[in-house]
Structures are given as structure tokens and as C-alpha cells.
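The values are calculated or read from the model by the stated rules, or taken from the named source; none is laboratory data. For clarity, every value in this text was computed on a predicted model and none was experimentally measured. Reconstructed Cβ throughout: ideal geometry from the backbone, glycine too, with neighbour counts over all protein chains shown.
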Amino acid sequence: MPNNNTSSDLRLHKTSHPVIYEINIRVLLNELSAAKGKRITLDKIPDELVNEWANLGIDAVWLMGVWGSGAIGLQEAKNHHGLQEEFRRVLPDVTDDDIQSSPYAVQSYCVADALGGTSALLSLRKKLAKKGIGLILDYVPNHTARDHEWVFNHPEYYIHGHDGQEIENQVRYFRTETVGGEQTLAFGRDPYFPGWTDTAKLNPCHPETRKAMIETLKVISTMCDGVRCDMAMLVLNEVFLKTWEEQSKAIDVEPVESEFWADAIAATRALKPDFLFIAEAYWNLEWPLQQLGFNFTYDKTLYDRLLKEGASSVRQHLTAEGLYQTRSARFVENHDEPRVAQALPNEPWHFAAVTVAATVPGMFLLHEGQLDGRKKKLPVQLGRRPSEEKNNVTRTFYEKLLSTIDNDVIKKGEWQLLNVRPAWNDNYSSQNIIAYTWKKGADFWLIVVNYAPLNSQGYVELDFEKTKSTSLEFRDLIGPAVYVRNADGVRSKGMYFDLPGYGMHVFDVR
């Protein structure tokens, strides 16, 4: 195993509200290589780029696509009709050289040679650690690539079908050579869709499979500070047995009945107690995964409500139990979702959505390109993206927001959702206003967002200790507003706001 002991002085370990930056590392290195006129590997990423991440207040970078991929995954990407259409839509001049295997059809958990190999990754990790930045990598528990060495040498690790099933059900099974002759294995999939035809489905209930999966995870833990676990809920017993119960029991050994994640997280943290686990999770299975030890789970519910619903729906979601809130990973885009600059019709809505996602409890997940207002969602099987003009207004907003939340009040403070009363009878626009506070010691912040396209009015009920001062100053940290109000009046009646559509403030209150 690699031995890469980095500084324990990581920002990631000092906050319950980390900012994680997702980077498609294959695309980034290709762009750096094109700009430099020579191949740039992980260890050659410029210092100024790492400094930029540090200056943005990034606590950890998640590098998507570092692991080795194989010929079958590449062939599937090139031959898949639906993908070809998507490639041409995003990148009209796409060539075969632009196409790559999916990062989630992992042939080997060794860093790809094209990226510089494991030594280059460890060199980058040290560079990041010097700036206090952690490193997050992917772990895919549900499946491997079809040409992973386990498929040939250990077919017992996988879900099997009967002979001929690959013909009867071509979207779920395939035929492959193994050490024991030709066998029929299942594609990786979730219960609601056809299989991912570049993958083979692991059986985590097989004791030898589970042992091998956990050993792989332990090796990964020596190379980084945490893992983002792809489709983590698919290996929960509830989901796995619902999808594969009959096939999972067709093995010649006693199946493991304990939860995979309980075993895997415990084994990894026995080696690295502060190792971070982030779950990509859906279907209201976030809480069970948190209970099994995940630090953070995707909050797709908040994403959907921010982009498709309104303030009342968002506020209702934010009333969930406190521990659930602090373990939720908030986002308004990632590599699986449309670019937020494209998904939302205007910048005020975009900026209001990201302000909420960035300033409520939990992890805040940023996607590379989001800060520059990129609009084109790139398939993960492409190594080149189209040129897009940088949106300077968007960039300026994100830089201001990120510098603002890089503060102990949010990083280490206590959060409280506030009630907003109608400004007058029959004025229901107060329901559009989302308001909450962060407190740490004597520091007191108030965030107010009108999450609607029309003007909204209301009184925000504030709970703060009586002060000697007769007045309170509300100074906006992301805008020019400064308000001075009578302290007793605010305490008794609330703070009145009349906000334009998608108007917002992040106030430091003194």
C-alpha cells in the first residue's frame, strides 16, 4: 500500500460545513496539456491553480476520473447510440480521440498511467495538503468494469445469470470468459433501469467479495482523505436484495447478512479515524446511510426543491432533524445534473439558489465550471469540452459568496431557521422569504432570501440576547446594504424586509 502521510492540518477536519470542489480531472489535464503544448500529469498541476482553489476557500477537491479504465468501457462508449447523439449535441466536432471510458466503469483502483500514476497523485496530494486542502476520490461499490481482473480470476465475486440469459435479457446480462470457462454475469444497474453495459455487478453478500471490496477501500484510503461513494444506496441490504435476492443466494457459501457499509466504514476508520465518507444517495435512503457512518449524503431533495419548487417547499425541507441537516451534501449542480446556469432562466434565481445551498448546514458541493457560468453538461465519457465564454458577473458573485462563507461563524457556528410573519393582513408574500441565523460566540449572522420572482414583504422574527446598545447594525456581506434599527423594536416586532424578486442578504449583525 502507498504510504502518504500528509499533514493533519486540513481544513476539512476543522469544520462541519466543508466546501468540496468537484473536478473532472481528465478534462482539466487535457486542457492544461493543450495550453502548455506538452502532457501535464497530476503532479504537474500548476501551483497557481492550487493557490486559486485555496483562495476560494475550498476545503477539499474531489477528482473525478483518476482510476484505470479498460478497452471494453471505451468500446461501449464509442458504440452506444444514445451516447453518440449526446456527444454530438454537446461537442459537434467530437472525434474518437475525445471519447473515453466512463470513470465509473473502473478496471483498476490504480491511478491511470495517462494521469501520471499513483506517484503523481500522491505528489499532488502533498501539494494540496500544504494549502490545507483535502483530496476526495471516487469509490464504486456496486460494480466494476467488465474487464476488471476479478471478472476473469474471481467470477464468484459477481452476480450470475443462467446460461442463455444474456440472449434472453441482453440489457441485464452478458457472457464472458473466466478462469472457470465462459459464464453469464449481470451488468451493474439500479432497480429501475436497464444495466450499465460497461460494468459487471458485484455481490457484496458473498463473503469473499465483501472482503476484497473492503481491502480495495482500505488501499484507496492511503491515497486520499475521503471517498465519494457512487450510488451508495445500491449496496444497502434493502435495495440489493430487492433487486437481486434470488441471484445473490445462488452461491455455495453462507451469505453475509450485515450491512456492507457498516463493515466497510468500520474497517477503514480503524486505519484512518478521520477518513471522510460521502454518499451519492437517493430514494429517501440518506438517513439510513448516515446511521451507518457516512459523514455526508447527497441532498437531492433540496436540489429538486430549489430548482423546481418554491420557498415553502424549501423551508419545509430545512425543518428536518438537525443531525440530518449537518450531514447533508447540498448542491445546485454536479456532473450528473444540468448546469445550473442552463437549468435556471436567470442569474437572480441562480444566485439565490446557490446562496441557500451554500449557507445552510452541511457540506456544500461545487462543480468545476459552475463558477464561470458554464451551461453545457458534459457526458463523463468525453475528455474534451466545448469552449464557453466566461461569465464575469457569475464569477464575481461566486468569489464573493465563497469568501464570505469561509468564516468560523458558518464553518463552526450554530444554525437556526427563523419564522417570517406577514407584513400586513392578506399579504402572503412572507411565505416566499427564507430566513435563518448562524451564531458563534458574540458573532451573529442573518441570511434572508426572497425565493420568488416577485417582491415579498415580511417580518423576520429574531432571537438574540438583549444588548446594552439601543441599536443594531445589519451590514450585508455580499451586497452594499447597511441598516441600523432600534434593538428593542426588532426584538419585539421582528426585522421588516421588502425584498425584490430573488433578493437576498447575508448580514453581519452587531
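The table for this structure:
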| quantity | calculated |
| --- | --- |
| Qualifying positions in the stretch 453-471 - modelled with pLDDT under 95 and among the hydrophobic types (A, V, I, L, M, F, W, C) | Leu462, Phe464 |
| Residue list for the stretch 373-416, filter: aliphatic (A, V, I, L, M) and part of a strand (DSSP E or B) | Leu382 |
| Counted residues, the stretch 72-121 - those being under 23 Å from His148 (Cβ atoms) and either at pLDDT 95 or above or not in a loop (DSSP other than H, G, I, E, B) (or both) | 32 |
| Listing of strands (runs of 3 or more DSSP E) fully contained in the stretch 443-510 that carry 3 or more residues being touching a Leu at 6+ places or on another chain (Cβ under 6 Å) and over 20 Å from Ser312 (Cα atoms) | 504-509 |
| Those helices (runs of 4 or more DSSP H) lying entirely in the stretch 238-312 with at least 1 residues buried (at least 17 other Cβ atoms within 10 Å of the Cβ) and of a type in the set (Lys, Arg) | 300-308 |
| Verdict on Leu307 being aliphatic (A, V, I, L, M), closer than 29 Å to Trp196 by Cα and free of Cβ contacts under 8 Å to residues at least 60 places away in the same chain | yes |
| The stretch 478-501, subset touching a Phe, Trp or Tyr at 6+ places or on another chain (Cβ under 7 Å) and in contact (Cβ under 8 Å) with a residue 60 or more places away in the chain, residue surrounded by the fewest Cβ atoms within 10 Å (Cβ to Cβ) | Tyr496 |
| Selected residue (only one of Tyr104, Tyr109, Tyr139 is of a type in the set (Ser, Thr, Tyr), within 22 Å of the chain's Cα centre (by Cα), closer than 30 Å to Thr222 by Cα and surrounded by fewer than 21 Cβ atoms within 10 Å (Cβ to Cβ)) | Tyr109 |
| First in the stretch 238-257 and in contact (Cβ under 8 Å) with a residue 60 or more places away in the chain, second anywhere and surrounded by 11 or more Cβ atoms within 10 Å (Cβ to Cβ), Cβ under 6 Å, 6 or more apart | Trp244/Ile159; Gln247/Ile159; Ser248/Asn203; Ser248/Cys205; Ile251/His206 |
| Residues (among the β-branched types (Val, Ile, Thr) and surrounded by fewer than 16 Cβ atoms within 10 Å (Cβ to Cβ)) located in the stretch 313-322 | Thr319 |
| Any hit, the stretch 417-424, residues being without any contact (Cβ under 8 Å) to a residue 40 or more places away in the chain and assigned to a loop (DSSP other than H, G, I, E, B) | yes |
| The stretch 8-33 residues that are within 11 Å of Leu63 (Cα to Cα) and without any contact (Cβ under 8 Å) to a residue 12 or more places away in the chain, paired with ones that are surrounded by 22 or more Cβ atoms within 10 Å (Cβ to Cβ) and not small (Gly, Ala, Ser) (beta carbon under 9 Å, 6 or more apart) | none |
| Whichever residue in the stretch 172-214 is under 18 Å from Ile72 (Cβ atoms) and among the hydroxyl-bearing types (Ser, Thr, Tyr) and, among such residues, is surrounded by the most Cβ atoms within 10 Å (Cβ to Cβ) | Thr199 |
| Test: residue in the stretch 258-266 that is modelled with pLDDT of 95 or more, over 17 Å from Gly188 (Cβ atoms) and touching a Lys or Arg at 6+ places or on another chain (Cβ under 6 Å) | no |
| Among the candidates Thr118, Thr41, Thr95, residue that is among the hydroxyl-bearing types (Ser, Thr, Tyr) and either free of Cβ contacts under 8 Å to residues at least 60 places away in the same chain or closer than 16 Å to Gly369 by Cα (or both) | Thr95 |
| Any hit, the stretch 46-56, residues being within 30 Å of Val409 (Cβ to Cβ) and assigned to a loop (DSSP other than H, G, I, E, B) | yes |
